[in-house]
Each structure stands twice: as C-alpha cells, then as structure tokens.
Amino acid sequence: MIPAKNPYRKLVLVCQNQREGDLNCCMKRKAGELYPKLKEAIKAQFSDVRVSRTGCLGNCGTGPTVVIMPDDVWLGEVGEGGIAEILEKLEK
Ligand code: FES
C-alpha cells in the first residue's frame, strides 16, 4: 500500500443500500431518486466536492442517509427538498 492524496475538499456519501424483505433501507425510501439529483446539483456548484454512492451507513430506519466528510455531518430522511441545505453546508 502507498499513501494517496485527497483530491477533494469534501466527500458526500449517499447510501444506496437495498435490504431484502420488510427491512428498512435507504433504497426503499427513494435514495435512488435522490442520488442523481444531489450529484448533479453539487457538481454544478462545486468542483472540489466528490459525491459517492455507498453501501449501508447504519442508519437504515431514517434513510435516505447522507454523510458529509470530513465535517462528520450525518443527515437522515434526506429528500429533494434538502438539496439546497446540503449545498449551503458544502460552502463552508
Ligand atoms: S440502508 Fe442506508 S443506512 Fe442502512
């Protein structure tokens, strides 16, 4: 292994996990629709912020889950209506 540089100022993780049966998960709570819209909005405004799909982040009951790093900001029940607030958080 070698050290790698961090090319981004911030990293936004968007859970895209699908769980079987009756188990709660972000994909059953419209995370699939959220991801491309959030990514497009962030890309349009910030060239130094990376948006990545992730597996389960452990907050399945309050998804869609979005995490902003390195700020350690964890957000739940994120819908399209929350995109503007996320963009504000990324300005700092
Ligand atoms: S399924 Fe998204 S946090 Fe677990």
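Values for this structure:
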read-out	value
Lys pairs under 23 Å by Cα in the chain, provided they are eight or more residues apart or on distinct chains	19
Dipole magnitude of the chain, debye to nearest 20 (Cβ charges: Lys/Arg +1, Asp/Glu -1, about Cα centre)	320
Percent breakdown of C-alpha pair distances by 5 Å bin, ordered from the shortest bin, for the stretch 1-68	4, 18, 24, 19, 14, 11, 7, 3, 0
Helix-only CD estimate at 222 nm, as mean residue ellipticity for the chain, using -39500 (n - 2.57) per DSSP H run (n ≥ 4)	-8000 deg cm²/dmol
Estimated FRET transfer efficiency when R0 is 25 angstrom, pair Glu85-Lys5 (beta carbons, to 0.05)	0.25
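All of the numbers you see were taken from the coordinates with simple rules; none came from a lab. In this text the structure is predicted, and so the values were computed from the model without any measurement. Don't worry about glycine lacking a Cβ; one is built from the backbone with ideal geometry, like all the others, and counts go over all protein chains shown.
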